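Q: Okay, handing you the structure first.
The values are calculated or read from the model by the stated rules, or taken from the named source; none is laboratory data. All of these numbers come straight from a predicted model, not from anything done at the bench. FYI the Cβ positions are ideal-geometry reconstructions off the backbone, even for glycines, and counts take in every protein chain you see.
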Amino acid sequence: MLKIVPGEAALIFSSSGSNTLLISDLHLGLEKEMARRGFRIPSYSVKMVERIRKLAEEFGTERIVILGDVKHSVGKVEDIDWGLLPWFFETMLDLFPAVEVVPGNHDGSIRTFVPQRVILHPSEGAVLGDGRSRIGVAHGHAWPSEAAIGTGRLVIGHSHFTYEMKDKFGSRSRESVWISAHYRIERLLASAGYRTKKKGDGDLIVMPPFNRMVGGHPINRAGAFKFGPVMSSGCVALDDADVFLLDGTRIS
């Protein structure tokens, strides 16, 4: 069973009597880029860890699975990463008996910082759970694995989708959204290049970023969904998608 946590960019996956916390797109070290742009802010990473701690306590989770973009720097290691990432993973290991990561496009060289007790999955994702309760998880910047798509319940991040609002004075604001949509398993598998006879209807959930400071792609602007292979494949029924704000307000 998958449950959205109201007010949070987090899912609780319940299977075989245990709860797993799913989050995506932490972008640890974003403070470094913000400082380059002239914004001096306290460590937002500490605030995210406190949110994770509260979720772990509230739902009694025994495992955390992070769906990519643990760190913010792309293609290189920043000086902030050397202190921040080891601290983050050790803190996660204190909070959860099991810690797992599906790497995203920002997670180059992350293996350098991952302790041996942390499971680092392939970038094409993983399958969680057993039997009919199985779900596929991936970051979403690359095609998920055949097994992940074939579960018929796929969870990805990466896209940072938002909904842009405009008030009567012309001021614009954006809020993160959840996307829930259907897909045909055989069509998505074929688009990904997998040769299989598996068929049926699948459900896709696109998670909002756990880091509330990252930018986003407004879904009510042209071309917003052309982001990542799954969303741009034409195999997801986006016209009939359910879109919700973090507080549960339904957009469509």
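Q: If V230 passes every condition in (1) within 30 Å of S45 (Cβ to Cβ); (2) modelled with pLDDT under 90 but one, which one does it miss?
A: (2) is the only condition that V230 fails.
Q: Residue by residue through the stretch 104-122, note down the ones that are touching a His at 6+ places or on another chain (Cβ under 7 Å) and crowded, with 17+ Cβ neighbours inside 10 Å.
A: The answer is G104, H106.
Q: A further question follows. Please name all residue pairs, on different chains or six or more residues apart, with Cβ atoms under 7 Å, provided the first residue is in the stretch 231-252 and is of a type in the set (F, W, Y) and the second residue is buried (at least 17 other Cβ atoms within 10 Å of the Cβ).
A: Final answer for the pair search is F244/V177; F244/W178.
Q: Ok, one more. Looking only at the stretch 159-182, decide whether some residue is part of a loop (DSSP other than H, G, I, E, B) and buried (at least 17 other Cβ atoms within 10 Å of the Cβ).
A: yes
Q: In addition: Please determine, by comparing only the residues of the stretch 127-151 that are in contact (Cβ under 8 Å) with a residue 40 or more places away in the chain and part of a strand (DSSP E or B), which one is surrounded by the fewest Cβ atoms within 10 Å (Cβ to Cβ).
A: Looking at the filtered set, the residue picked out is L128.
Q: Test D130 against the stated conditions and say whether it is within 23 Å of S18 (Cβ to Cβ) and among the acidic types (D, E).
A: Against the criterion (within 23 Å of S18 (Cβ to Cβ) and among the acidic types (D, E)), D130 qualifies.
Q: Further question on the same structure: Taking the stretch 3-37 only, how many residues are modelled with pLDDT under 95, over 14 Å from the mean Cα position of the chain (by Cα) and either surrounded by 15 or more Cβ atoms within 10 Å (Cβ to Cβ) or in a helix (DSSP H, G or I) (or both)?
A: The qualifying residues number 9.
Q: Given the condition of a type in the set (K, R), modelled with pLDDT under 90 and touching a helix residue (DSSP H, G or I) at 6+ places or on another chain (Cβ under 8 Å), answer yes or no: does some residue in the stretch 70-78 qualify?
A: Yes - at least one qualifying residue is present in the stretch 70-78.
Q: Still on this structure, I have one more. Looking at E58, E90, which is the one that is closer than 15 Å to I23 by Cβ, in a helix (DSSP H, G or I) and free of Cβ contacts under 8 Å to residues at least 40 places away in the same chain?
A: Going through E58, E90 in turn, the sole match is E58.
Q: For the stretch 195-211, which residues satisfy the criterion of being surrounded by fewer than 23 Cβ atoms within 10 Å (Cβ to Cβ) and part of a loop (DSSP other than H, G, I, E, B)?
A: R195, T196, K197, K198, K199, G200, N211
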